[in-house]
Amino acid sequence: MFDSAEPGRLLRNLGIYTVAVLAAIAGAIGLIDVIDLPVVLAGSLLVLGLAAVLAVHEYLGGPF
């Protein structure tokens, strides 16, 4: 699996995926009031994070 992947593409996809998942997690825990984030910001982070994860899977060929 890793032999056929280009290292640059792999690092780019994993970087985008990592940031997107962290944004989605921050949005989710912001919505349940574990951290102090406004609801609009938390909802936006959740939606944008999930959209970026979907984009990595659909348009960039997945994280690996």
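The values are calculated or read from the model by the stated rules, or taken from the named source; none is laboratory data. Predicted model only: the values in this text are computed from it and were never measured. With ideal geometry, Cβ positions are generated from the backbone for all residues, glycine too; neighbour counts draw on all protein chains shown. Accessible surface is based on the protein model in full, side chains and every heavy atom, while ligands, DNA and RNA are left aside. Shrake-Rupley method; radii C 1.70, N 1.55, O 1.52, S 1.80 Å.
The distance linking the stretch 13-31 with the stretch 32-54 is 8 Å (Cα centroid to Cα centroid, whole angstrom). The share of accessible area on the stretch 13-63 that comes from carbon and sulfur is 77 percent, using a 1.4 angstrom probe. Kirkwood-type hydrodynamic radius, the chain: 12.3 Å, calculated from all non-identical alpha-carbon pairs.
Where does the charge balance sit around Gly15 when Lys and Arg score +1, Asp and Glu -1, over other residues with C-beta under 15 Å from its C-beta? Don't skip to the end; give the middle numbers.
On the way: positive: Arg9, Arg12; negative: Glu6.
Result for the local shell: +1.
Calculated accessible area for the chain comes out at 69 Å² per residue, all protein chains present (probe 1.4 Å; ligands, DNA, RNA ignored). Relative to the longest principal axis of the Cα atoms of the chain, the long axis of helix 39-59 lies at roughly 10 degrees. In the stretch 24-64, which residues have a backbone nitrogen under 19 Å from the label point lying 7 Å from Glu6's Cα in the Cα-to-Cβ direction? Label zone hits: 56-64.
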